[in-house]
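Read the structure below first, then the notes.
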Amino acid sequence: MSLPSTQWVTLKLTDVSDALVSHACNVAQELQPPEGYWVIWCYPSAVTVVGIQDMIYGLHHHSVMVKDRLIVYTSVTITQPQRHQLITLTKTTLNCDFTIDDESDESDESEDSNESDESEDSDESDESA
């Protein structure tokens with residue numbers, strides 16, 4: 001029995017770690033509709049850069065089609081150079097976009113909001129002088 005034809009299928013893979021990447025790729029292959037997935041979300045996860053690379057290669061090896069984007073939410077910090085490398089790898093291997101949200105994103109946001117608060121405070125003190 002095959003799945004009905006659809007255009008916008010999203011696969012959500014939860015609790016993926018490096019040790020479970022191969023299993024996640026097998027699940028993606030087994031559940032894949034004939035048209036492929038629109039998006040694959042991987043969250044929450046503790047997958048490392050190596051695990052994400054393995055997932056990209058594993059999805060490709062299993063002929064998993066992703067039309068729009070692979071999205072990974074991980075508790076592991078990913079550096080900017082690693083992000084760029086993963087974006088390029090995903091584009092060339094799976095022919096789709098890549099988005100990652102990691103621990104460093106939260107600290108970046110809080111630093112940005114603190115800077116804007118400080119600049120507002122200095123503006124207010126300039127006005128009162």
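None of the figures in this text is laboratory data; all of them are computed from the coordinates on show. The structure presented is a predicted model; accordingly, all values stated were derived computationally and were not measured. Glycine also receives a Cβ, built like all others from the backbone with ideal geometry; neighbour counts cover every protein chain displayed.
Arranged from fewest to most other beta-carbon atoms within 10 Å of their beta carbon, S45, S63 become S63, S45. Model label sites at T14 and V27, defined 7 Å from Cα along the beta-carbon direction, differ in position by 0.9 nm. By the count of neighbouring beta-carbon atoms within 10 Å, fewest first, M55, M65 end up ordered M65, M55. Annotation: amide H-H contacts under 5 Å for E35 (H modelled 1.01 Å from N, sequence separation of 5 or more, or interchain): T6. Our estimate of slack between V50 and T88, defined as 0.36 nm per intervening residue step minus the Cα-Cα distance, is 12.2 nm. Multiplying the residue separation of H62 and N95 by 0.36 nm and removing their Cα-Cα distance gives an extension gain of 10.4 nm.
Karplus-derived 3J(HN,Hα) values for segment 44-52, using 6.51 cos²θ - 1.76 cosθ + 1.60 with θ = phi - 60°, are x, 8, 10, 7, 8, 4, 4, x, 5 Hz; glycine and proline are entered as x.
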